[in-house]
Amino acid sequence: MEVVLGIDVGGTGLRAALAPASGEPVPIARAGHATGLRRGAGGLDGVVPAAAAIAAELLARDEAGDEAGGEHRVRAVALGCAGAADLGDELRVHLPAALRAVCGPAIVVVASDMVTAFFGALAGSPGVTLSVGTGAVAFGGDLAGEWRRADGRGDILGDLGGGAWLGRAGMVAALRASDGRRGGSPVLLRRLLSAYGEPAALIRELNGRTDRAAVLAGFAPAVLDAARSGDPAALEIRAEAGRHLADTALAARPRGLAGRVALTVVGGLPDHHADFRAELVERLDPGFAVRPAAGPPVDGALRLAADAAAGRVPPGLAHYGVQMSG
């Protein structure tokens with residue numbers, strides 16, 4: 001049986017799916033691994049061996065989980081990875097050979113996770129996907145060559161309104177209260193002290209962490225909980241996050257699409273905090289038509305693999321971390 005394979009890589013885990021190479025890429029098997037990948041100079045360190053391992057595991061099973069390793073001929077593999085657009089040079093060099101060692105002479109597509117999120121959430125239709133997790137990025141396209149990216153620039157220079165941004169803003173409000181400055185939040189100060197002890201301990205920890213963004217984002221739920229309870233400082237932080245994210249979504253809207261443009265909002269924060277999602281949706285440009293995501297990023301990777309196998313990958317994606325080889 002000819003199949004295609006999609007892999008989604010994030011900072012906390014890998015997910016993979018297998019589908020027939022012809023027709024709509026409906027998964028016949030799935031697998032997932034928790035990992036502790038860390039961002040390095042070439043993207044996320046450890047992606048290449050982890051992707052090869054999950055591909056091997058998935059190809060050894062059929063839909064029922066039985067051994068069926070010799071029955072599949074892999075036509076194409078697509079992998080979406082955080083950082084591939086800006087830091088993915090090492091992936092593009094080493095990943096194709098590692099995956100072909102497992103999958104045979106397949107086409108290999110390496111893509112940014114914002115691209116696979118787009119294809120998964122919109123199921124191959126034009127529009128915009130706004131992804132809000134630790135970071136924040138919007139990606140839009142008309143499928144004919146016009147693609148637009150907004151933000152996704154990391155916790156130092158961007159990701160405005162995302163989890164790390166929210167957590168940092170909440171920590172600042174807590175520290176303002178600790179100092180007795182205006183605009184502080186005693187509620188968030190209590191949460192900060194409970195989580196980290198004295199402010200000096202938090203500052204030392206942040207300065208020595210390679211996963212600073214994740215640490216900052218870990219405080220975002222406290223900020224959103226405080227906003228839900230009516231804390232003025234937290235409410236203003238949530239409102240500002242909504243404004244930032246609405247601007248990011250609008251900047252990614254393809255200019256060639258007429259009428260109301262489909263928009264999906266995906267990611268852990270809007271999925272698990274209804275008030276935060278409502279704040280964001282309220283601030284969106286009225287030219288958007290918000291709709292639920294059709295599927296997760298791993299399904300977007302699967303769709304990219306199916307398109308590559310059929311020779312129909314939409315044009316113009318190379319600038320956004322998409323490379324096809326084989």
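Residue ranges 183-192, 17-26 sort as 183-192, 17-26 when ordered by packing (mean number of other C-beta atoms within 10 Å per residue, highest first). Annotation for A123 and A258: the two label points, set 7 Å from Cα along the Cα-Cβ direction, are 2.5 nm apart.
When each of I203, I156 is scored by the number of other beta-carbon atoms lying within 10 Å, the sequence from fewest to most is I156, I203.
Net charge dipole, the stretch 151-290: roughly 160 debye, given to the nearest 20, about the Cα centre with Cβ charges of +1 for Lys and Arg and -1 for Asp and Glu. Of the trypsin sites (Lys or Arg not before Pro) found in the stretch 241-276, the ones in coil according to DSSP and having at most 11 other Cβ atoms within 10 Å of their Cβ are R255. Ordering D159, D231 by the number of other Cβ atoms within 10 Å of each residue's own Cβ, fewest first, gives D231, D159. Take the chain, connect every pair of alpha-carbon atoms lying under 10 Å apart with a spring to form a Gaussian network, then pick out the residue of L166, L59, L157 with the largest mean-square fluctuation. Checking each option, the largest mean-square fluctuation is seen for L157. Extension gain, S22-A251: 0.36 nm per intervening residue step, less the Cα-Cα distance, totals 78.9 nm. Helix-only arithmetic for the chain: the sum of -39500 (n - 2.57) across DSSP H runs with n ≥ 4, divided by the residue total, places the mean residue ellipticity at 222 nm at -13500 deg cm²/dmol. Each DSSP beta bridge with both residues in the chain is either parallel or antiparallel, and the antiparallel ones are about 60%. Set Lys and Arg Cβ to +1 and Asp and Glu Cβ to -1, take the dipole of the stretch 231-291 about its Cα centre, and tell me which of P232, V281, L257 lies farthest positive. Towards the positive end, the residue furthest out is L257. Highest mean first, the peptides 101-114, 304-317, 120-133 sorted by other C-beta atoms within 10 Å per residue fall in the order 120-133, 101-114, 304-317.
None of the figures in this text is laboratory data; all of them are computed from the coordinates on show. Here the structure is a predicted model, which is why all the values come from computation and not from measurement. Please note: Cβ atoms are built from the backbone with ideal geometry, for glycine as well, and neighbour counts cover all protein chains shown.
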